[in-house]
Amino acid sequence: MDSNQNSPSPFSQTYFHGTKADLKLGELIVVGYNSNFGKRINAKYIFLSATLDAAIWGAELSLGNGLGRIYLVEPTGPIEDDPDLTDKKFPGNPTKSYRSQHPFKVVGEITLWQGHPLEQVETMKGHLQKLKEQGIDSLNDL
C-alpha cells in the first residue's frame with residue numbers, strides 16, 4: 001500500500017463559471033438574476049463546472065451583448081449535479097456541471113481560451129430555440 005494514498009492533496013478542485021457579466025475578483029455570484037436558459041426567469045440556482053469546455057459553452061450561450069468571460073470560482077456552500085446535463089441525458093455527469101443556491105466567489109479569470117466554431121454555437125442556439133418552441137423547459141425552472 002502506498003503510504004501517500006491517504007495524505008491530503010495540496011490541490012483543490014477548480015471550478016469555472018461562464019458568463020457575459022463583467023465581474024471583479026472577490027465579487028459574489030448570487031441567485032436571483034434572469035437565467036440564461038429555460039423560462040429565463042429569476043434564477044433559483046447558479047451554475048459552475050469543473051470542465052473548461054462546459055464553462056466556454058456557458059460564456060457563449062449566455063444572454064447579453066458583451067464578450068464571453070470565464071471566471072474561476074469557489075462555491076460558498078453545497079453544490080449538486082445540474083439536472084439539465086445529468087441524469088438520463090448524460091448519466092454520470094460527464095460535463096461535471098453543477099448548480100447551487102449558495103453564492104460563488106470569483107477568485108480569478110481565464111483570459112486566454114478558444115471558443116467553439118461559430119457554426120457549432122449557432123447550431124446549439126438553434127437546438128435551444130427548438131426546445132423552447134416545443135415547450136421543453138429547463139429542469140432548473142421547477
Of residues in the range 43-63 being touching a Ser or Thr at 6+ places or on another chain (Cβ under 8 Å) and not aliphatic (A, V, I, L, M), the one surrounded by the most Cβ atoms within 10 Å (Cβ to Cβ):
Phe47
Scanning the range 14-46 residue by residue, those of a type in the set (Phe, Trp, Tyr), modelled with pLDDT of 90 or more and either out of contact with any helix residue (DSSP H, G or I) (no Cβ under 8 Å at 6 or more places or on another chain) or more than 12 Å from Glu109 (Cα to Cα) (or both) turn out to be Tyr15
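The values are calculated or read from the model by the stated rules, or taken from the named source; none is laboratory data. These figures come from a predicted structure and were not determined experimentally. Please note: Cβ atoms are built from the backbone with ideal geometry, for glycine as well, and neighbour counts cover all protein chains shown.
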